[in-house]
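Below you'll find the structure, written out as structure tokens, and then a few comments.
The values are calculated or read from the model by the stated rules, or taken from the named source; none is laboratory data. Everything numeric here is computed off the predicted structure, so don't read it as measured data. Note that we place each Cβ from the backbone using ideal geometry, even for glycine, and neighbour counts take in every protein chain shown.
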């Protein structure tokens, strides 16, 4: 989208003399330049983040290329992208795509996503009027907001802004991955991403990290951006799988944003001791000279905060306050060592794409088990939730619970778990839910 054309349309709608118009254009020159540079900065940053984990993302990039080929959009040989045989060689040497190759994938991902969003009703969503406004300099936003809202290229600008925001923050393969996992198309994925971006307050985090340019190492910034990206990945998938479709951005933000904010504020108080220690250890990964302590703490707590969607949904169904629900939810994760099992799964080094997918599926199941147990335990206690809630539920189920706890204790004594151990533990935990 050419910002000069967009600006010209807004200015032309204004009731101004030629002199006033020219004066306004001069006034906006510096900010227009900054907006153009911002787009370039965001994509360069996104490519850097992707390059930093290119090997881990190799299978995703391969799936994206295959998807584009099946659609008749991409010819790898023309774009000098590696064929499957070359990718096998990269896999064997633990190497990912190069920076130029990643840049090509970003271009294709953005072009295809833009076209899909433009052909949908997403650009007509009233909430995305803010994405439209942010495309323009502040002077136009303040003086000509009505003209911006009536812009002849309104839909194209919104589709461009949403595409750039989503792909720059999540990577070239994000939309394709979400489509493969959920069967949903780009417009719904973009809606879910927008809900996550706004409800979790991610824009201020991104701004704070970017304000550290030339003050902290690029590696420190990249590490924080990757952690936010993982949060976006988990929570976007959650909304796609759990919310009613078509997704209503405004409704979902109203339903989830207050609870997420409350949980973020009370996180230290509602976690179990082992979970607080886990957050502290994660926070240390983001501690670096020049990084504000509050920022590293907020990034370190993101993984726990990403459970907020489940907690809020459970709380609504049980009629229990969000904070009380969270205490039960986290207590269950600690008592039945679900957190420990997931950490063990994350430490595995899959030797194939299918092995990796199997590990990811078990991790998802373990999160689901924690949610199901929370729902069942809260339902059993009614409104009388308290410190003994879990023990009260266990009382009539000692046979199955003792067996599960004995099994997981045995695994803990071994130390590192493998895929087979995780599968058995997951089955036993699911059996406990059924009782």
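Among (1) in a helix (DSSP H, G or I); (2) within 19 Å of residue 242 (Cβ to Cβ); (3) at pLDDT 90 or above, which single condition is residue 334 missing?
The number of the failed condition is (2).
Report the residue count in region 58-80 for those that are within 17 Å of residue 110 (Cβ to Cβ) and in a loop (DSSP other than H, G, I, E, B).
Here is the first cut: in region 58-80, the residues within 17 Å of residue 110 (Cβ to Cβ) are 60-61, 64-65, 67-68, 71, 73-74, 79.
Applying the additional criterion that residues be in a loop (DSSP other than H, G, I, E, B) yields 71, 73-74, 79.
The qualifying residues number 4.
Which of the residues belonging to region 123-140 are under 17 Å from residue 187 (Cα atoms) and buried (at least 19 other Cβ atoms within 10 Å of the Cβ)? Write out each step before concluding.
From region 123-140, those under 17 Å from residue 187 (Cα atoms) are 123-129, 131-132; that's our starting set.
Correct list: 123, 125, 128, 131, 132.
Tally the residues that are free of Cβ contacts under 8 Å to residues at least 24 places away in the same chain and either in contact with a helix residue (DSSP H, G or I) (Cβ under 6 Å, 6 or more places away or on another chain) or assigned to a helix (DSSP H, G or I) (or both), restricting the search to region 112-128.
So in region 112-128, the residues free of Cβ contacts under 8 Å to residues at least 24 places away in the same chain come out as 115, 119.
If we keep only those that are either in contact with a helix residue (DSSP H, G or I) (Cβ under 6 Å, 6 or more places away or on another chain) or assigned to a helix (DSSP H, G or I) (or both) as well, we get 115.
So the count comes out to 1.
Pairs, please: C-beta under 8 Å, at least 6 apart or cross-chain, first residue at positive phi and part of a helix (DSSP H, G or I) and in region 337-357, second surrounded by 14 or more Cβ atoms within 10 Å (Cβ to Cβ) and modelled with pLDDT under 85?
Once the first residue is at positive phi and part of a helix (DSSP H, G or I) and sits in region 337-357, no partner that is surrounded by 14 or more Cβ atoms within 10 Å (Cβ to Cβ) and modelled with pLDDT under 85 comes close enough.
In region 332-356, which residues are surrounded by 15 or more Cβ atoms within 10 Å (Cβ to Cβ) and over 30 Å from residue 270 (Cα atoms)?
Keep residues of region 332-356 that are surrounded by 15 or more Cβ atoms within 10 Å (Cβ to Cβ), which gives 332-342, 344-345, 348, 356.
Correct list: 356 only.
Residue-by-condition table, conditions (1) over 21 Å from residue 121 (Cα atoms); (2) touching a strand residue (DSSP E or B) at 6+ places or on another chain (Cβ under 7 Å); (3) at pLDDT 95 or above:
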{"position": "186", "(1), (2), (3)": "no, no, yes"}
{"position": "193", "(1), (2), (3)": "no, no, yes"}
{"position": "228", "(1), (2), (3)": "yes, no, yes"}
{"position": "238", "(1), (2), (3)": "yes, no, yes"}
{"position": "246", "(1), (2), (3)": "no, no, no"}
{"position": "250", "(1), (2), (3)": "no, no, no"}
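Mind listing whichever residues of region 159-211 are within 18 Å of residue 261 (Cα to Cα) and part of a loop (DSSP other than H, G, I, E, B)?
Scanning region 159-211 gives 200, 201.
Of the conditions (1) assigned to a helix (DSSP H, G or I); (2) in contact with a helix residue (DSSP H, G or I) (Cβ under 6 Å, 6 or more places away or on another chain), residue 361 clears all except one; give me its number.
(2)
I'd like the residue in region 243-274 that is crowded, with 18+ Cβ neighbours inside 10 Å and under 30 Å from residue 219 (Cβ atoms) and, out of all such residues, is nearest to the chain's Cα centre (by Cα).
Only one residue tops the list, namely 260.
Which number in (1) out of contact with any helix residue (DSSP H, G or I) (no Cβ under 6 Å at 6 or more places or on another chain); (2) more than 30 Å from residue 219 (Cβ to Cβ) marks the one condition that residue 104 misses?
Failed condition: (2).
Would you mind finding the one in 91, 53, 69, 79 that is under 23 Å from residue 223 (Cβ atoms) and surrounded by 12 or more Cβ atoms within 10 Å (Cβ to Cβ)?
Working: 91 fails: under 23 Å from residue 223 (Cβ atoms); 69 fails: under 23 Å from residue 223 (Cβ atoms); 79 fails: under 23 Å from residue 223 (Cβ atoms).
Of the residues listed, the single one that is under 23 Å from residue 223 (Cβ atoms) and surrounded by 12 or more Cβ atoms within 10 Å (Cβ to Cβ) is 53.
Looking at region 302-325, is at least one residue within 30 Å of residue 207 (Cα to Cα) and not in a helix (DSSP H, G or I)? I'd like the intermediate steps shown before the answer.
Initial filter on region 302-325 (within 30 Å of residue 207 (Cα to Cα)): 302-313, 322-323.
Those left that are additionally not in a helix (DSSP H, G or I): 306-307.
Yes, there is a match, as at least one residue in region 302-325 is within 30 Å of residue 207 (Cα to Cα) and not in a helix (DSSP H, G or I).
Check region 71-92 and report whether any residue there is more than 23 Å from residue 230 (Cβ to Cβ) and within 25 Å of the chain's Cα centre (by Cα).
Looking for residues that are more than 23 Å from residue 230 (Cβ to Cβ) and within 25 Å of the chain's Cα centre (by Cα), one finds none in region 71-92, hence no.
Residues that are under 26 Å from residue 388 (Cβ atoms), surrounded by fewer than 21 Cβ atoms within 10 Å (Cβ to Cβ) and touching a residue at least 60 places away in the same chain (Cβ under 8 Å): does region 276-286 have at least one?
Our first condition is that a residue be under 26 Å from residue 388 (Cβ atoms); within region 276-286, this holds for 276-279.
Retained after the next criterion (residues that are surrounded by fewer than 21 Cβ atoms within 10 Å (Cβ to Cβ)): 276-279.
From what's left, touching a residue at least 60 places away in the same chain (Cβ under 8 Å): 278.
There is at least one residue in region 276-286 that is under 26 Å from residue 388 (Cβ atoms), surrounded by fewer than 21 Cβ atoms within 10 Å (Cβ to Cβ) and touching a residue at least 60 places away in the same chain (Cβ under 8 Å).
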